[in-house]
Structures are given as structure tokens and as C-alpha cells.
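Each value in this text was obtained by applying a stated rule to the coordinates, not by laboratory testing. Note that the structure is predicted; figures quoted are calculated from it, not measured. Backbone-built Cβ (ideal geometry, glycine too); neighbour counts: all protein chains shown.
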Amino acid sequence: MTQRFAPDRPAHIGQPHLRRNALRHLAGRGAYVSDLALPRMVHAAFLRSPMAHGRITALDLDEARAAPGVIAVYSAADLNPMCQGWTGVLSHFAGMTSPAQSILADQEVLWVGHPVAMVIARTRAEAEDACEKILLDIDDLPAVAGFAPALDPDMPAAAEASASNLCFRAELKTEGAAAAFDGAALVVEGEWRFGRHTAVTLEPRAVVADYDPASGQLTVHHGTQTPFQFQDVYARQFGLPDNRVRVISPDVGGSFGMKLHLYHEEMATVAASLKLHRPVRFVADRLESFTSDIHARDHKVKARMALDGQGQVLAMEVLDRTLIGPYSTYPRTSVAEGNQVIRLMGAPYAMPDYHGVLEVLFQNKVQTSQYRAVGHPIAVQVTEALIDLAAEKLGLDPFEMRARNVVADDAYPCASATGYRFEKLSHQESLRRLRALMDYDGLRAEQAALREKGIHRGIGLATFVEITNPGAAFYGVGGARISAQDGAVVRLTPGGEAHCAISVTEQGQGTETIIAQIVADQLGLTPDQVKVVTGDTDATPSGGATWACRGAGIGGETALRAGRKLAEQLCRIAGAILQAAPESLALRGGAVVDAATGAERLALAELARIATYRPDTLPEGTDNSLSVAQHFAPQGYPFGFTNGVQAAWVEVDTETGLVKLLKHWVVEDCGRIINPLLVDEQIRGGVVQGLGAALYEECLYDDAGQLLNGSLADYLVPMAGEMPDILIGHVETPTEDTILGAKGVGEAGTAAAGAAVMNAVNDALRPFGARLCQTPMTPARILAALGIGPTERDETWN
Amino acid sequence: MKQALELQVNGEAVALMVEPRQTLADVLRDSLRLTGTHLGCEMGVCGACLVLLDGKPVHGCLTLAVQAQGCAVTTVEGLDASGEIADLQAEFHARNALQCGYCTPGMLMTAQALLKRGAVPDRAEIREALSGNFCRCTGYEAIVDAIAATAAKRGAA
Amino acid sequence: MKAPPFAYRLAEDLPQALDLYARSAGDAVYLAGGHSIVPSLSLRLQAPALLIDISRIAALAGVSLGPEGLRIGATTPHAVLLEDPLVATHAPLLAEAARHVAHPAIRNRATFGGNLVLADPASEFPAVVRALRAELEVEGPEGARQIAAEDFFLDLYTTALQPGEILRAVLIPPPAPGQLVAFAELARRQGDFAMVGAAVRLVPKAGVIGTADIVFHSVGLTPMRAVAAEAALIGQALDAATIAAACAAVAQDLQPGDDPVLPAATRLHLAGVLLGRLLRRVQGEWA
Amino acid sequence: MELTGSHSLTQPPETVWRALFDPEVLARAIPGCETLAQTSDDAFAATVKLKIGPVSARFKGEVELADKEPPFACTLSGKGSGGIAGFAKGAARVTLAPEGTGTVLSYTAEAALGGKLAALGSRLIQATAAKLADEFFTRFADVLNETTTTATTD
């Protein structure tokens, strides 16, 4: 049995250490890709399709090529032959199909914003000047924009290369599903619509590609979460050895899943640098972000739940339809979200049977793919709305309803009806904590008193299960070259400090801080003595990096094991110097100590000095290595599931449809907490992204596939004035799969915040018999539910 | 056609040639390499590009550089170097009121302008003052906490 | 998102600004705070040959009080309207509205005159100056003239300004004795374009409403005077029945269009709700 | 989005009908029309500069008349590319009904914007389209009425 934590060691794991790298940002010394200026660097701009679907009938670049400051102007004919196409399908999604993608639109444009031509100029302004001089003619083709056309068998496919608009269909069914509904005492049902939204990172996508033909080296400064994935993509697509491709991801101004997909503009930028032999920069502007960053959600769900007379959930039946883009995103696909939707339904509950169907449909809008909490908000919102509906029918309190149905804390390990295996979750304890944290009974009394005065407040609850620490089952088994492992090199510097180069990356979550805490604990140092390097494929071992809440759980475990390996090596060297058995030594307080007495035997600085400068004094045959490398891939459970419960307290102005968020609570169990300060802030940030989707954010399109709100003035993100304070509580159930015991937390907030708020709004509206089933819950939709103003045109289910 | 522009940036006299179409944010970032001023929307909605123009926060993306002729501009680098926001920076750090850091310079500009008004703002006033500063990472609460803590300490001093 | 090239000239005074315009063949735009022009240039939604900077012309600046009322220079930033004691005393409605205009940093540089001249139908100040029956002083190639706010806003983004004319100042008449004002708007987030907003000015006369000005914004192509609602108030005591009648009359006054997030009927409903709230607020102050 | 309107004209339907195919009349009626050249009996190439508030864009495109039922109805359609600003297109079914010695011109029009104009201008698309449609037919009526006046004084 591996020792978990030495009891006498001053543990930094679990402490609220501050982020040292935050100080740079506070001084204005952040270093983002969009800040980078390299010698001879030139700037890219793209001419994009203004139509959702069409055929290019004329493209004349001559005038643009002659414009001031222009270095080059490229069309598909120039760039597309430079690389292989890429197709976003994975073999474990059986039967899925997608057209191949290439760099620029060739003959057919597929969405508003599809890049058609690329201009390279001395400045971005000059590149945009030249874009105005390109003559582009496009003949309209029918645009698939919405569920009705996507489901219409007579409608042409969104892309001519597709046989139909069905990208993927999947079905999950337990044997008893139909019988459960036949024998149910109560069946509740509904239909929900989830608007399309997008990540809106404050720093848009940014890339500087720099090819040096003399060394054959391609360096790509790329604001991404996953540098090694892009090293692999660029190497394979452009036929370069991967060790000649260096991807550097310095400070990244927000990512949230959006920056790990392959985009046409980044590929074009690399291609241009390969052609021009000089650095080429592309930084998306905000309009380009809205029309080329991946979008997410865009689901419509029809679901019902069967219950027995005591309110015990027997089964769910779910049809999830989702509209993606004209093709499936590479390399993670656009079906992973729907796949998670149908598998996470009912996850917190002891539900024996299930029948779920997923249909993924093509349309002529920008691609959808993974964005924070992939699929979770949809599954949670549908499940929790059905639970509330059932509670209402049965006259049960929503807390009681959930308490009756969650999987008991002592019933683990267990499996869900959708096929997930859970190691150990804590729904019951989380519900108990939440009830106390929010003073549920007091709030109910307050709600009743205010209702008398015509003030309509509501309480909404939402339990959830979150997928973290994915193994290779997630993508690797389907053939994706997405690493499920991570790697670290930890070394003792000649001065006796530590250095850790690790493949997980930092976008402000605090990755570097927690890695320093973990390594410090293994080496008997303070976190400040551990320098952590991330985000550079030349500087760290390869690994999957930061996505799907794997940084702490998998990256952290990698660092822990690397740190232990180095500690053992240092004890061996010290043992040789001190003529002591390595097992009798330990590292504490910056020194090698006697493990039994704690008495200092040798300062680490002295050890490092000897091993570095006077290895000749070591006994013959002593390995003087001060560096170790360690890789780690999760084994055991395919995913590290976490759980929690959220509550929202809202006030609805029933005359205006405006919702005021009064307070929000989260109780969450992410396993071992490495840094409570950072964990809480991950949760808060996640909650607010969930609240954005619930109340504000929606990419609006017309029937022709035109985006109607491509700016931050019209696409509403959550701002400080409208957001609530968020109280957080924790349950800590470490995973037994790793020494560290940590799971992920980055998506927990987003997973259930929207569900809690929708339940709260519906709770507030209960006296009116009104119910919301669509996000975002805009004033117009809330008023429509109250019978004021028109309801939106409903698209049929066909 | 480039024009001559003279202004004070972070207390230093600067003279350079700019195109009329260049915004103050572009000139600060591209010509003077003061990259602490960020661009998030380039239409005055996100607050990432706020700088002090003659002491007041303005959007660097909405101000043409040529309009700053003869003015004093302070960027986050200047506020940092002068030490005048050291307490605010320390509270942001202690409260982890930033993640990716891209909104942070703009947040500091707004916060410092609010704090300099003198009265100790309550949480609602702080949230209202931040209404033009978008942060995608934190959910704002930590930022409000940090500003409130600074306000309380300055108010007590 | 970088602006196309243009020339820039700083005008020292009004004659120079007018002269620069006269020599521009009509392809020039006046620039003050730049908060509507600069983003529109950056988005390449317009491409004038010349920007004439009028932001430093002394004759366009300053707030002063005279016998005709409060005179607010066109280049006065919104923040001054919020903070200036003269505005607070003599045009509190304007100060109240200024709180709702965008965000603090915008208000430091965006100008009052620029806002009025843009005539965005979602903007607050056009509704307020119309409700206050302000006069707009204009200087142009043909000389100076004064335009009533009532006659200034002609159509979507269209004012009575002729090409080359510059808004010099806005004159707000002294408040009528007993005048009561209120401003509010319904917006999804602080500082957003309102779903609907309104400025109300009532002058009591012998215990009943003598004069009523109700001007909505964000519900039509211009700031919209609610004539029927005003008529429902005049000569009446400000009681619940009168308020209800005024709110009902709004449907005759406004014909908003649909937009992607707010159907016309919903917007009209909100206009009635907002007017009711404003009138009840005024009712509370009624002596 | 559908827009409707009607205008009273002093001339009989036959005169109005001819005017619909008269490049000089069209050039004066189309808001912001800079050039208009006939390319066939029923088609014209046009350059139009539109300025609405903070937006000003030059469109190059075609104007076409189709589904003709002389002299009572036809469909007038236009499509223009504004380069990187996007595109605008619209079609109006125009009907002419005699009224006394004159004509009532009614239209049902549809308009759409694409690209950047749609992404940034949706708040005001409908108002703008309605304004432009109304402006076209008002100016068309004005031009016709003016032409008649000139004709009678000659």
C-alpha cells in the first residue's frame, strides 16, 4: 500500500496558497499570444462568407494583392494542398459521419464566417484594407438553419459532401425501460430547448506561427489549453517531424474548452508561415470570435420520467436532438456533448431503467463542440426539472424528493442505468450540508411571507454528477490522438530549489500553484521553492494538458509521483554522502533529515552542490541524477466522477419578466482538495457561466443562417451587477484510484447552475401555473409563460 | 498619413508618429509595447482596454491616439510602478480575484477610480461600478470582495 | 477590427470646423468623444475621408445657468451631467437618466451632444430633452439657429441637422413651478440598451395635472412622445384610475417593431408597465 | 420579416407601370442610388450608397422585375453586395390598382441582410428595411407626380 500522506510532514496540499503567477497579471505583465511581436512578423486577416450556404462563383484577389502593405493573398487553391484534410469522427461513435475539412472554403461556403481568402500584410489594418478589395461572388444555396430544415428529408444536406443531415444516432436502452413506464404510478414529462451559446473568452483566439527553414523548426505560439495536441496536429497535417514542431502556450486569456479545437484560421496561419518563412500572426477580433469560435449546446430534449407511488424514480426516457455545424469538429467531434447528455441523465439517482436516444444533426452554422461542462447543464436541467415536476405532483418537498432518490452514500460502488460506473459519491451528505448552509426552512418561510405581499421569489435545487479525470476511454479508444496521460520532469536545481516541468497547462485556474504545492510536499520544500513550467512542448514532457477537469486529478498525480521519485533519488544520494540507509532518511524543511528523529542531516542545497559540482566526491557508482521523469495515466475507473448540489434563490418580476439572482449555494465533492481558495473560485466562475446560459447568452440566427448578435453589445454575458454572491460548502471523498485522491472541479459550477435557476424561476411562478422550459430565460420568454406576449414559434418534432 | 503625437505616458514624455486611424489602445500596445492594456471587444463594451486619460478611466479602443495629443495617459504598468494601487493589487492577490488575468488591468482602473471618489462603496455600488468590465473567469465575487476590502482599509486609514 | 484610413484635423474653433467641413466635399464627420464613430470605424461600417475633431472647441464646452435656463455645451461628457450641481438642481431628470447611459468609463468621454446627434432610438438623452422641452442651439454653414427638441428627432438616426451643422449646446428651460419628473428604464443588465425606457414631466395646476410630457425611448424609430397617454393625464388628478388610463393609452401611442429577442407586443406591454411605475413614483411626490 | 405599404399616385396604372421599368425613375427612387444601368429589358445594374446613422455602406448589385402582369403587378427584387459589410437583398410584390384617374400602388416586401450587417445591426434591421422600402415608394411617387407636373406645363 502506497503511503498517502506522511502525518508529520508540513502539508501544503489542502492549504489556500496564493497564486504567485497572479502577481504578473496584477502588474500588467501578462504575456499573451496577442501581445507577442516578433521580428519580421506579418499580420493575417480573412475574407469570410456572408452567406450560410452557397457556391463561390467568382473570387478575384488581384486588386488585394496590389494593395499597400500586402505581402500575400491566399485562396483555397494556394493553401489547401499544403495539408491533409481533417475529419472529426471517432470510431467509438459507431456510424458517425462528417465531411472532411480543409483550410479555406473551396467552391462551397458552409456558414456565415467561413473563411474564403487570407490576406497577409504588414499590419492588421492593411490586411483588412486589402480584404475590402477582394471580389467575391457567391450563389445562394439552401441553408439548413434550425431543427425543422435539418429534420426535413426533402432538404438538401448542409454540405454537398454529406448524404444527409444526420451526423450520428445513438441509443441506450435497458431491458426493463418500457415495462417501467407501463407499471409506473406517475409519469411526468416535458420538452426543453437549450439555446446555442459560446465561450466568449476575453482574449480572443490568437496564434503566431513562425517557421524557420534553416533549422526546419516550426514554432507556434498558440493560445490553447493543449499544446501537445496541436504539436501532433501541425506535424501530421503539414508533414513535419513532431520534434521540429514546438507549440508554446503562454498566458491564455480564457479558454473553457473553446481553444482546444482545430480551427481553419490557425491552420491557415501555420500554412502561411511555412510559405513565407516568417512569423505570421492571427488574432481574432470579437466579430470573428462569434462567427468562428465553436458554439455549444443547441439542443432540444423530449423526456419523461416514471415513478412509483412513493416517488421513487423507476426510469427515464429521453430523446436529445442537437444541431451542430456543417461538419463535426476536429479532433473531439461535435457528438461528444450529446453523448454526455444522454449518459448523464438521472445520474444522481437510483434509477434502474433508462432509454435514451441521441440524434446529431448538421446545419449551416458555425460548428459546435466542447465548451465548459460539455452536456452536463442539459442533462442536469432536464433531470432536475422532471424531479421537481414529480415532487409537485406528489406533494413532496423538493429536498425530500431528492433525498428519497439519490444513490445512498453507502451504496457505492455502483453503476448507472446509462452505463457509467461510480466509485464513490456523496449525494446524501451534500444534500444535508446544503440544507443547513442555505437555511432552507428559513428561506421557505421568507418566500411564503413575501408571496403575500406580491413578491415572487423561488428556490431551485439541482443535484449533479460531473465527469472528471477521463481515461483513454474518452477519446483515445476512438482513435483520437488526444493524450490520456501526463508527464512531469522534476529536478533539484544546483542551488537546492526545485523545478517542475509538466504537461498540464495554466489558464488561470491555478495549475502551477497546485503543482508547486504537491511537489513541495514530496520534497520537503515550500511551494515558493518550486518553480513550475507549463505550456511549452520543448520544455515539458508530453501529455494531455488541461481539459475535462483533468489538471488536478491526473496532472496532480503525475507531479506527486514525480516528486516522490525525486525524493527517493535524493535520499539515495544523501545516503551515499552520509553513509546512511536511504530508507532511514526523509526530506523536510529544505533538508535531508533522519526519518525517525527529524534531525537535520544535510541541507538540500548542500546535496545539490555536491551532486552538481563535486560528483567526484560521491562513492563510486552513485547515480548523481537530480532530475526524474514520470508519466501517469489513470487506471481503474474510466472517469473520476464528482458530485454536488446547487441551490438558487431568485426573485421574478412578473410584470417585466426580469429575474433577480439573490443568492446561490453550491455544495461540492471533488475529492481531495489541493487548494480550497482555488477550488472555490473555480466553482464560482463556473456557476456564473452557467447563469449566463440560463438567463442571457444565446447566439441568435435567422432562418437563412445569419448570426444576428455578433457583438458584446447584443450577445449578453453575465456582468458584475446582476450576479449573486455564491456560498460554497465541501464534502471531501478522495478517489482511491490515485495517491493524491483529487478529482476535477472546473465544470461543477456550470453543470448545475442553470438547472437550479430554472427550477427557482419555476418555483417563483408556481402560483401562476407558468413554467419555463427554454434557456436563456429572457424576459420575453418569462412573460410569454405568464401569458403576456407571443410564444416563440415552435418547431415540430417530426 | 502619419501625424506627430506628443503625450505623457506613465509620467514619461513620448513623441511618435501615428496614423489617425490608430486607437490609443493600439498605439500603447503596438508602438509603445505597453501590453498590459488589452483588447477584448474593440467597441467599448468589455473594459479590458481601460486606461487613465488625464486621470479618468476611458476606453483605449474608443479613443483615437491623435485625440490624446498633450494628454497624460496612465496604463496599468504606470499604476503598478507608482505604487498607488499596491494595496488594491494585494487584495486582488489575496482574494484570488483574477484567473486568466486578461480583464485585470481594466478592473484595476475601474476599481481605483471608484476608490478615489472617497466614500466607502457598498457591494452593490461596487458591482454597479464594474458594470462595464467583463470577466469570464471569476464570477466577479472575488473582485467585489477585493475592492470592498481595499475600500474598508483606505476608509479606516 | 481596425479602422480604414482617414484624415484627421483638430478644429480650434467653430469657424475652422465649419470651414474644414465646407472643404470636405461632404465626406467628413465631426468627432467629439468618438464613442459612436470610433467603433463604427473599427467595424468598417463607415469610411469618411476626414474626421474633424471638435472636442477641444471652447464654445462647445461647459454648463452654465442663465435666465433662459440651463445651457449645456455639446461636448459635455455624460459624467458631468451626473455630477454637476447645476444639472442636479436645474435638470435632475437629466442626471437621473445619465446613470443609465452605458458604463462609468464610457460616461467619462462620451459627450451629451454626440449622443443627441446620433439619435439612436435606444438612447436615453433624446427622450429626456424632448420631455424637458429643450432647445438645441445649432451652428452651421448658414449661420446659427435654434431647433426645439420636439422637432429635432426626425427618423431612425436622423435629426434636423443639415450637413455640416454642429450642435453647439442644449438649452433646458427653467422648471415650471411644482414640476415633477421621473425617469426609468427596463434593461436586462445595468447599462444595456433598454427594452423600454421613459422620461416623464408633469406640472400640477390647481390640483390636477396641467402639463404632461411623456417620452419613451427604445420603442420606435425616434424618442416617442406618448400623446394619448399625455391626454389621459391632463386635467385629471393623479390617481390610480388616471394612471391606469394613461397606461392603457400607450397602445395608441406606440407601434414598436419586433426584434430578435423582444416581440413587439411584449415591448408594448413593458411600456405600459414602466409608465405605471413612473407615474406611481411621481404620485408619491405629488404635494 | 414582411413589410407592407401603399401610395396613391395621380397617374393611371399604365403610366406607373412604364415608370417601374424606367431607369431614370428608378435611379431617382432608389435611396442612395449612385449609378443605375439597364442590362436587359427587366434588369438593371446598380450602385447604391446607404447611410443610416453610424453605418454607411456601398452596395453593388442588380435590380430585377419579374412575374409581370402588366400593368397590374410585378415583383421588384434587388440584391447587392456590400463587400466585407455583407449583403442586402429584398423583393417587393407590387400591385397597381386604378383609383379614379390615378393608381393605388401597394406592396408587400421582404428584406434581408447578411454578414456583418446582420451580425451587428439586427436590433434595427426591421426598422431600417421598413424605412428604406417606404422611402423607395415615396420617392417613386414623388418622381412620378413631379414628372406629370412637368409634362402638363410643357
* Structure fact -> Whole-Å distance linking the alpha carbon centroid of the stretch B:38-100 with that of the stretch A:455-478 is 37
* To do: Scale the Cα Rg of chain A by the rule-of-thumb value 2.2 N^0.38 Å and send over the ratio, two decimals.
  => 0.99
* **chain A: relative contact order in percent, alpha carbon pairs under 8 Å with at least 6 residues between** => 15
* To do: For the stretch A:435-448, take each phi angle, set θ = phi - 60°, evaluate the Karplus expression 6.51 cos²θ - 1.76 cosθ + 1.60, and give the result in whole Hz per residue in order, putting x for glycine and proline.
  => 4, 6, 4, 9, 6, 4, 5, x, 5, 4, 5, 5, 4, 5
* Starting from the amide H of D:CYS33, placed 1.01 Å from N in the peptide plane, find each other amide H under 5 Å away whose residue is 5 or more places distant or on another chain. => D:LYS49
* If you project the alpha carbons of chain C onto the principal axes, what extent comes out on each, in Å, largest first? -> 59, 47, 32
* Can you check how the C-alpha radius of gyration of the stretch C:190-287 compares to 2.2 N^0.38 Å, as a plain ratio? => 1.06
* For A:LEU166, residues with placed amide H under 5 Å, excluding near neighbours -> A:PHE362
* **DSSP-defined antiparallel bridges as percent of all bridges, chain A, nearest 5** => 80
* **Kirkwood Rh and Cα Rg combined as Rg/Rh, chain B** => 0.99
* Structure fact -> Ratio for the stretch D:2-153, C-alpha Rg to 2.2 N^0.38 Å, reads 1.03
* Structure fact -> Given Cβ charges of +1 for Lys and Arg and -1 for Asp and Glu, the option among C:HIS78, A:LEU566, A:PRO734 whose Cα lies farthest towards the positive end of the dipole of the protein assembly as shown is A:LEU566
* To do: Show which lysines lie in cross-link reach of B:LYS56 when reach means a straight Cα distance below 17 angstrom and same-chain residues fewer than eight apart are skipped.
  => B:LYS116
* To do: Per DSSP H run of n ≥ 4, the term is -39500 (n - 2.57); total these for chain C, divide by its residue number, and report the mean residue ellipticity at 222 nm rounded to 500 deg cm²/dmol.
  => -9500 deg cm²/dmol
* Structure fact -> In Å, the Kirkwood estimate of hydrodynamic radius for the stretch A:221-328 over Cα pairs equals 17.3
* Which of the residue pairs C:LYS2/D:LYS89; A:LYS531/A:LYS565; A:LYS133/B:LYS2; A:LYS275/D:LYS89; A:LYS393/A:LYS660; A:LYS302/D:LYS89 have a Cα-Cα distance greater than 29 Å in the structure shown? -> A:LYS275/D:LYS89; A:LYS302/D:LYS89
* Structure fact -> With -39,500 (n - 2.57) per DSSP H segment of 4 or more residues and division by the full residue count of chain A, the 222 nm estimate, nearest 500 deg cm²/dmol, is -8000 deg cm²/dmol
* **For C:LYS2, residues with placed amide H under 5 Å, excluding near neighbours** => none
* Treat each spin label as a single point 7 Å out from the Cα along the C-beta direction, and report the A:ALA185 to A:GLN312 distance in nm. => 1.0
* To do: Would you work out the charge dipole size for the stretch B:84-156 about its Cα centre, treating the Cβ of every Lys and Arg as +1 and the Cβ of every Asp and Glu as -1, and quote it to the nearest 20 debye?
  => 60
* Any idea what the relative contact order of the stretch D:2-153 is, in percent, if you count C-alpha pairs under 8 Å spaced at least 6 apart? -> 28
* For the stretch A:84-89, in order, what is each residue's ³J(HN,Hα) by Karplus, 6.51 cos²θ - 1.76 cosθ + 1.60 with θ = phi - 60°, in whole Hz (x at glycine and Pro)? -> 6, x, 10, 10, x, 10
* Relative contact order of the stretch B:3-79, pairs being alpha-carbon contacts under 8 Å that are 6 or more residues apart, as % -> 40
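Would you mind working out the magnitude of the charge dipole of the stretch D:2-153 relative to its Cα centre, with +1 at each Lys and Arg C-beta and -1 at each Asp and Glu C-beta, to the nearest 20 Debye?
Value, rounded to 20: 780 debye.
Largest first and in whole Å, what are the equivalent-ellipsoid semi-axes of the protein assembly as shown based on the Cα gyration tensor, each being the root of 5 times an eigenvalue? Before the final figure, lay out each step's value.
Numbers: eigenvalues 573, 263, 239 Å².
Sorted largest first and rounded, they come to 54, 36, 35 Å.
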* To do: Find the all-direction average of the projected area of the Cα convex hull for the stretch A:1-104, expressing the result in square nanometres with one decimal place.
  => 16.6
* Under Stokes-Einstein, with the Kirkwood radius over Cα pairs standing in for Rh, what whole-number D in µm²/s applies to the stretch A:385-445 at 20 °C and 1.002 mPa s? -> 164
* Asked: Where in chain A lies the longest segment free of GluC sites (Glu not before Pro) that are both loop residues by DSSP (not H, G, I, E, B) and have at most 10 other Cβ atoms within 10 Å?
  -> A:176-619
* To do: Specify which residue in the list A:CYS773, A:SER584, D:PRO98 is farthest towards the positive end of the charge dipole of the protein assembly as shown, using unit charges on the beta carbon of Lys, Arg (+1) and Asp, Glu (-1), about the Cα centre.
  => A:SER584
* Hey, for a label at A:ASP152 modelled as a point 7 Å past Cα toward Cβ, could you say which residues of the stretch A:319-335 have their backbone N under 18 Å away? => A:323-324, A:326
* Using θ = phi - 60° and Karplus 6.51 cos²θ - 1.76 cosθ + 1.60, couplings along the stretch B:55-70 (whole Hz; Gly, Pro as x) -> x, 10, x, 9, 7, x, 7, 9, 10, 5, 4, 4, 6, 8, 3, x
* Over all alpha-carbon pairs in the stretch B:3-79, figure out the percentage whose distance exceeds 18 Å. => 27
* Fewest first, what order do A:TRP649, A:TRP547 take by the number of other Cβ atoms within 10 Å? -> A:TRP649, A:TRP547
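With charges only on Cβ, +1 for K and R and -1 for D and E, what is the dipole size of chain C about its Cα centre, in debye, rounded to 20?
That gives chain C a dipole magnitude of about 620 debye.
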